[in-house]
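Report on one structure; see the data block that follows.
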Amino acid sequence: MCGIVGAVAQRNIAEILIEGLRRLEYRGYDSAGLAVISDFKISRLRRVGKVSELQKAIEENPIDGSIGIAHTRWATHGEPNETNAHPHFSNDTIAVVHNGIIENYESLREELKLQGYVFTSDTDTEVMAHLIERERKSSDSLLSAVLKATKLLKGAYGTVVMELANPDCLVVARSGSPLVLGKGIGEMFIASDQLALLPVTRQFMFLEEGEVAEVTRRDVKILAPDGSVVEREFEETTVQHDAGDKGKFRHFMMKEIYEQPDSINSTLEGRLAQDSVIIESFGNRAPELLDKVEFVQIIACGTSYHSAMVAKYWIESMVGIPCQVEIASEYRYRKTVVCKNSLFISISQSGETADTLAALRIAKEQGFLASLTICNVPGSSLVRESDMAFMTRAGAEIGVASTKAFTTQLTGLLMLAVALAQTKKSLPQEEISNIIQELRTLPNDIKHALEMDTTIETMAEEFNEKEHCLFLGRGEQYPIAMEGALKLKEISYIHAEGYPAAEMKHGPIALIDENMPIVVIATKKGHYEKVVSNIQEIKSRKGKIIGIVTEGDKDVRELADHVIEVPETIESLTPLLTTIPLQLLSYHIAVLLGKNVDQPRNLAKSVTVE
Ligand code: M6R
């Protein structure tokens, strides 16, 4: 989704802005632009396509200045073209970049037109630029003009505003779209994601909901929505500096698939005792709160929703309490019933997904016992606004298709199910110890599963001319089948569906013929015989079967066209292992088809709009 970078310094900041945008490319965008103040005017360059196009444009038309703003746009209002790209101007004196969506932009646009403002783009952002310019006429500072303008906006924004008359400060505002400030020596930076600024600083401060701030080279003045001054310190980040490098890998997605043994190790580190999960890993209040929990409500989107679905199987079977799972965008807009002593859980890689965040905010008004987020980004909105947070420690995930974030979410959720089972004494200690032992060997098992990479690469060639694919699984493997299908469609654009294997005969079986590849998860633990029967049904209709099986399997091997083996483990951990070949399969198919694996079309890494 859109990215923002801004800087106020004592050196030429054009290169810093471009590097910041480059580091935000993973979020997905269709055009890029920047504006700086130099020679008593605001100079702007915008290009459709990649940041490299903008960089080329700068080389051809050198632009330099010590204050500036830059943006990568993911089109919402108006097509991706140069006039719709940010920054947007008002009267050549105000420049604005904006992430989010202004919902009342049409009425504001009409009002501003009647007042003589001329619009040059189709965007909602241009409305903000004119609105701020109008409010500036009756305000003693840009800060108070922005504060007044934001009061008139409905919707979501993370915005940075620059004024020609004031070349020493930028004004920022946040509501629903994250913004972080970075501090250098005698210089300040702004971005929608701290990753953008890691080459220039490690000192960060997040803006909270509804705040507006004036950022100069040495100071930050933050105002709360009621105009009162907020005191906050910069803090050193723990995010790794090299998070934005591919290393020896061709794509971030592949690097991240291979990082999974390490990221799971980090997720487990310090959180397991000899034979149990350390319950405080979910927050200091976790022992007292988990004891009271009688119902679990999980909400999430996309891949995170699939990890929630797996957690439902774990929680209900291990803890014996009901667990409901729902897509955040559905939850937030329907009337829901909250049972007594319910725990609300949000799951999100980014911690900024608009629908998930909105669902959490609604849940906080609904009388839940407490809220817990399973999240990968420290300091993100979900982490800050939840009562408890379990950080998945996957490290920065750059590939748009989520991989290591998913398996670390599963790891955290399995630990949560065990922690609840410990608290409620719903599982024998022997079973808990067994899970803990298997969790310890999980990173190694994943390494082992990754060894199938070359076999899977060869197998991917069969998908060269395929337009559809089915993924089947039963029990805990059903959500994994859905995740396999999501990965394939996201990056290869092959239409794919994930189904409970037994549901096939209620419809999807009509699609099966010799051209239909069907990936069936048929590991030894969990409904094995029943899945083998489903495979027989596919075989008799000549479907092409790719079986994901346990090492040493014979039955499926006899029936399938291809098999991919994963190491044997206990039933509850199998979903983590079967995920690996599905990630590798979609990766290799997408590479063979020549697709942009890390930045698939129309997708964004962090979906901060509805
Ligand atoms: O950051 P989140 O986990 O909240 O994101 C949710 C989805 O947008 C995300 O999982 C999306 O489906 C990914 N592209 C999946 O690969």
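The values are calculated or read from the model by the stated rules, or taken from the named source; none is laboratory data. Please read these numbers as outputs of a predicted model, since none were measured by experiment. Here Cβ is always computed from backbone atoms with ideal geometry, including for glycine, and neighbour counts include all displayed protein chains. Just the protein is used for accessible areas: all its heavy atoms, side chains included, with ligands, DNA and RNA removed. Shrake-Rupley method; radii C 1.70, N 1.55, O 1.52, S 1.80 Å.
With the structure loaded, tell me whether residue 139 is over 24 Å from residue 379 (Cβ atoms), open to solvent by less than 10 Å² (accessible area, probe 1.4 Å) and assigned to a loop (DSSP other than H, G, I, E, B) or whether it fails that test. It is false that residue 139 is over 24 Å from residue 379 (Cβ atoms), open to solvent by less than 10 Å² (accessible area, probe 1.4 Å) and assigned to a loop (DSSP other than H, G, I, E, B). As a summary of the residue check, residue 82 satisfies the conditions (1) in contact with a strand residue (DSSP E or B) (Cβ under 6 Å, 6 or more places away or on another chain); (2) buried (at least 24 other Cβ atoms within 10 Å of the Cβ) except for the one numbered (2).
Of the helices (runs of 4 or more DSSP H) entirely within region 374-454, those holding at least 1 residues that are under 25 Å from residue 488 (Cα atoms) and either touching a residue at least 40 places away in the same chain (Cβ under 8 Å) or open to solvent by 10 Å² or more (accessible area, probe 1.4 Å) (or both) occupy 404-424, 429-450. Within region 455-487, if we keep just the residues that are in a helix (DSSP H, G or I) and open to solvent by 50 Å² or more (accessible area, probe 1.4 Å), the residue that is nearest to residue 514 (Cα to Cα) turns out to be 462. Within the span defined as region 209-228, one or more residues are open to solvent by 50 Å² or more (accessible area, probe 1.4 Å) and within 17 Å of residue 384 (Cβ to Cβ). Would you pick out the residues in region 557-605 that are open to solvent by 10 Å² or more (accessible area, probe 1.4 Å), within 16 Å of the ligand (Cβ to nearest atom) and under 17 Å from residue 306 (Cα atoms)? The answer is 605, and nothing else. On the given criteria, is residue 477 more than 30 Å from the chain's Cα centre (by Cα) and at pLDDT 95 or above? When the stated conditions are applied, residue 477 does not pass them. Filtered by the rule that a residue be among the aliphatic types (A, V, I, L, M) and either open to solvent by less than 60 Å² (accessible area, probe 1.4 Å) or at pLDDT below 90 (or both), region 24-51 gives 24, 32, 34, 35, 36, 37, 42, 45, 51. Candidates in region 309-354 are the residues that are among the basic types (Lys, Arg) and away from the ligand (no atom under 14 Å from the Cβ); of these, the one that is surrounded by the most Cβ atoms within 10 Å (Cβ to Cβ) is 312.
Look at region 296-325: where a residue is within 27 Å of residue 489 (Cα to Cα) and a partner is more than 10 Å from the ligand (Cβ to nearest atom) and among the charged types (D, E, K, R), sitting 6+ places away or on another chain with Cβ atoms under 7 Å, you get 299/326; 310/476; 313/476; 325/312. The single condition among (1) under 19 Å from residue 179 (Cβ atoms); (2) open to solvent by 30 Å² or more (accessible area, probe 1.4 Å); (3) touching a residue at least 12 places away in the same chain (Cβ under 8 Å) that residue 231 does not meet is (3). Of all residues assigned to region 235-254, at least one qualifies as being part of a strand (DSSP E or B), open to solvent by 30 Å² or more (accessible area, probe 1.4 Å), touching a residue at least 24 places away in the same chain (Cβ under 8 Å) and of a type outside the set (Gly, Ala, Ser).
Screening the candidates 224, 156 for the property of being at pLDDT below 90, among the small types (Gly, Ala, Ser) and farther than 16 Å from residue 68 by Cα yields one hit, 156.
Across region 191-217, the qualifying residues are those that are in a loop (DSSP other than H, G, I, E, B) and closer than 21 Å to residue 147 by Cα, and the one among them that is nearest to the chain's Cα centre (by Cα) is 192. In the set 108, 54, 21, only one residue is out of contact with any Pro (no Cβ under 6 Å at 6 or more places or on another chain), open to solvent by less than 30 Å² (accessible area, probe 1.4 Å), closer than 23 Å to residue 137 by Cβ and assigned to a helix (DSSP H, G or I); that residue is 108. Between 306, 251, the distinction of being within 16 Å of the ligand (Cβ to nearest atom) and closer than 18 Å to residue 345 by Cβ belongs to 306 only. Does residue 70 fit the bill of being at pLDDT 95 or above, part of a loop (DSSP other than H, G, I, E, B), of a type in the set (Gly, Ala, Ser) and within 24 Å of the chain's Cα centre (by Cα)? For residue 70, the condition - at pLDDT 95 or above, part of a loop (DSSP other than H, G, I, E, B), of a type in the set (Gly, Ala, Ser) and within 24 Å of the chain's Cα centre (by Cα) - is not met. Within the bounds of region 482-494, is there any residue that is touching a Gly at 6+ places or on another chain (Cβ under 6 Å), modelled with pLDDT under 95 and at negative phi? The answer is no; no qualifying residue exists. In region 518-526, is there at least one residue being without any contact (Cβ under 8 Å) to a residue 12 or more places away in the chain and either among the hydroxyl-bearing types (Ser, Thr, Tyr) or under 28 Å from residue 28 (Cβ atoms) (or both)? Scanning region 518-526, I find no residue that is without any contact (Cβ under 8 Å) to a residue 12 or more places away in the chain and either among the hydroxyl-bearing types (Ser, Thr, Tyr) or under 28 Å from residue 28 (Cβ atoms) (or both), so the answer is no.
Residue by residue, here is whether (1) farther than 30 Å from residue 355 by Cβ; (2) of a type in the set (D, E, K, R) holds:
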position: 54; (1), (2): yes, no
position: 58; (1), (2): yes, no
position: 67; (1), (2): yes, no
position: 77; (1), (2): no, no
position: 81; (1), (2): no, no
position: 91; (1), (2): yes, no
position: 103; (1), (2): no, yes
position: 113; (1), (2): yes, yes
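Considering each residue of region 84-103, count those that are in a loop (DSSP other than H, G, I, E, B) and farther than 16 Å from residue 29 by Cβ, and give that number. Matching residues across region 84-103 total 4. Among the residues making up region 165-178, those that are surrounded by fewer than 24 Cβ atoms within 10 Å (Cβ to Cβ) and either among the aliphatic types (A, V, I, L, M) or outside any loop (DSSP other than H, G, I, E, B) (or both) are 165, 169, 175, 176. Is one or more of the residues making up region 24-33 closer than 25 Å to residue 214 by Cβ and in contact with a His (Cβ under 8 Å, 6 or more places away or on another chain)? Checking region 24-33: at least one residue is closer than 25 Å to residue 214 by Cβ and in contact with a His (Cβ under 8 Å, 6 or more places away or on another chain).
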